[in-house]
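Heads up: the structure comes next, in structure tokens.
Since every read-out is calculated from the coordinates, none of them should be taken as a lab result. Small disclaimer: the values here were computed from a predicted structure and weren't measured.
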Amino acid sequence: MTANGNFLDHCVLEWCKLFGDPRGKHHWRKVVTDQTAFFADLLGTLKLTETQFDAYIEEMRTYRDKFVAHLDFDETMHIPRLRLARRSVAYLHDYVLAHEDDSGFFPEAPPNAARFYTLYANEGKGVYAE
């Protein structure tokens, strides 16, 4: 139970670095050249409007701020669903490799994040089932 919670919390923390803090050092805007095209394609991939994505960012940041970084006095923990987080990170990964890696800085990076995730998720399920 603790490991599962720790992985969830870590996922939220790392996702917020990429999408939740526009002024942060690791935000996607720091590495994407054509930000307008990237963001429009991201929203299309996620099948969200900008308002819906902003609401998801707020949900993730609230969980991070109220339950991970600072344990406030809220009595009910609202754990965010992570499917959008996974899909948005996969999109960012694939986009950076396809559009921003002109110098080949990531030679060992998997070419497709979704397939990479599936491979290791299946491996984990197999180990867990043993």
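Here are a few things to note about the model shown:
- Over the chain: helical MRE at 222 nm, DSSP H runs n ≥ 4 each giving -39500 (n - 2.57), nearest 500: -17500 deg cm²/dmol
- Alpha carbon centroid spacing (whole Å) that separates the range 49-68 from the range 109-130: 27
- Segment N112-T62, length gained on full extension (0.36 nm per residue, minus Cα span): 15.0 nm
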